[in-house]
Amino acid sequence: MDIFIEKFTQNFIQDNRWKYLLNGLGVTLQVTFLALIIGIVVGFIIAAIRSTYELNGTCKIPNAICKVYITIIRGTPVVVQLLIIYYVIFAAVDIDKVIVAVFAFGINSSAYVAEIFRSGIMSIDKGQFEAGRSLGFNYVQTMRHIIMPQAFKNVLPALGNEFIVLLKETSVAGYIALQDLTKGGDIIRSRTYEPFMPLIAVALIYLIMVMIFQTLVNRMERRLRSGDR
């Protein structure tokens, strides 16, 4: 027990090293939330273009561009995308690493969110479109007032799970020297030469956050199911 207290003090109490984890946690959550917003906005636009093409055959060229975009983003590792964006695209620009990380993870998330939204839209019965036409709605109005509310309700749990995945993916942000939660634990390890406690602490913090968000997603799913009864 004395050894544990000594190691704990060395890793977290001395020189206020716990602040590396606290500050890193703040950066991780900031990047995750902002990247998710970008992912939802861009993903929704892509999903709207792709579903429009599949439903009525319009937007052929934008749909082809979106398909290439999704294929590239989903087919390459997120850490490679992060490095390309930081060391190639923004190489000549003095830019905050948080902004780079938000942009990179947001772009990556958008490809997955787009497919989530598209599957939600395509899961709506085609009779709903006919119902919209019978009410005098055009295609855009039908999508806005009838299709999208139902599709969003269907994909909400999947979006929650995408947030959890995104939260864990941000752990690679240290590749561009961004001091996130994982990097904070690695800094402590480099100062104390004790890898066990700081890395386990990082893992536990991620685990607790994932369990909290997973609980929220599960509650959301139960509410949606109860609302369908």
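Scanning segment 53-88 for residues that are surrounded by 14 or more Cβ atoms within 10 Å (Cβ to Cβ) and without any contact (Cβ under 8 Å) to a residue 60 or more places away in the chain yields Tyr53, Cys59, Pro62, Asn63, Cys66, Lys67, Tyr69, Ile70, Ile73, Gln81, Ile84, Ile85. Only residues that are exposed (fewer than 15 other Cβ atoms within 10 Å of the Cβ) and within 25 Å of Gly39 (Cβ to Cβ) were counted across segment 123-144, and they come to 3.
The set of residues in segment 173-201 that are farther than 18 Å from Thr9 by Cβ and of a type outside the set (S, T, N, Q) comprises Ala173, Gly174, Tyr175, Ile176, Ala177, Leu178, Asp180, Leu181, Lys183, Asp186. Working carefully through the options Glu115, Glu130, Glu162, Glu169, find the one that is over 30 Å from Pro77 (Cα atoms), acidic (Asp, Glu) and either at pLDDT 90 or above or in a helix (DSSP H, G or I) (or both). Residue meeting the stated conditions: Glu130. Test Leu34 against the stated conditions and say whether it is modelled with pLDDT of 95 or more, more than 17 Å from the chain's Cα centre (by Cα) and part of a helix (DSSP H, G or I). Against the criterion (modelled with pLDDT of 95 or more, more than 17 Å from the chain's Cα centre (by Cα) and part of a helix (DSSP H, G or I)), Leu34 does not qualify. Of all residues in segment 120-164, those that are among the β-branched types (Val, Ile, Thr) and in contact (Cβ under 8 Å) with a residue 40 or more places away in the chain total 2. Could you list, in sequence order, all residues of segment 77-102 that are of a type in the set (Phe, Trp, Tyr), over 20 Å from the mean Cα position of the chain (by Cα) and assigned to a helix (DSSP H, G or I)? Within segment 77-102, Tyr87 is the sole residue that qualifies. Of all residues in segment 176-203, those being within 18 Å of the chain's Cα centre (by Cα) and part of a helix (DSSP H, G or I) number 2.
Within segment 37-47, being buried (at least 20 other Cβ atoms within 10 Å of the Cβ) and over 14 Å from the mean Cα position of the chain (by Cα) holds for Ile46, Ala47.
Among residues of segment 172-229 being farther than 18 Å from Val98 by Cβ, touching a helix residue (DSSP H, G or I) at 6+ places or on another chain (Cβ under 8 Å) and polar (S, T, N, Q), the one that is surrounded by the fewest Cβ atoms within 10 Å (Cβ to Cβ) is Gln214.
The values are calculated or read from the model by the stated rules, or taken from the named source; none is laboratory data. Quantities reported herein were computed from a predicted structural model and do not represent experimental measurements. Here the Cβ is made from the backbone with ideal geometry for all residues, glycine too, and neighbour counts use every protein chain on show.
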